[in-house]
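Report on one structure; see the data block that follows.
Nothing in this text is a laboratory measurement; each read-out follows from the coordinates by a stated rule. Because the structure is predicted, anything quoted here is derived from the model rather than measured. For neighbour counting, all protein chains shown are included, and Cβ atoms are generated from backbone atoms with ideal geometry for every residue, glycine included.
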Amino acid sequence: MSKLEDFLEVGKSTDITEDITVKLGGKYFTLTIRAMSEDEHKEWQNRSMRISKKNVSFDSGKYNSLMVPACIVEPNFNDAAFLEKAKCQTAWEFIGSRFPAGVIENISQKIQELSGFDTLEAEIDEAKN
């Protein structure tokens, strides 16, 4: 098999998953997260940009509100029946009201790492030490 054919065996980026554990209200829960695709990343970045006449800024909270609910695979917080029981309109409304900010930030970081972000920097830092 050629090196080029090796790439045909690699699944889609969104097929990459990992189980993580979060602590909420003194209890531990397992979430399955997935990597984001390049198209999703670009879309969420664009939707998180604030452009005014004088400057351009990035709203990381908005980015997390788009990325986190989309990349948590299990449990499926986007399930309509679940959202109805939770009395929430969206998965983000549920996550944002039940998960502390630090937990959301940790989930976001794990999704980004699974998607290939920061891994090179971490390896370089580790090699330096």
Can you list the equivalent-ellipsoid semi-axes of the chain, largest first and in whole Å, using the square root of 5 times each Cα gyration tensor eigenvalue? 27, 21, 18
Distance from a point 7 Å along Cα→Cβ of S97 to each backbone N in the stretch 25-57: keep the residues under 15 Å and list them by number. none
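Determine, for each peptide in 103-109, 52-58, 74-80, the mean count of other beta carbons within 10 angstrom over its residues, then list the peptides with the highest first.
On the way: 103-109: 16.7, 52-58: 7.4, 74-80: 13.6.
So the order, starting with the most tightly packed, is 103-109, 74-80, 52-58.
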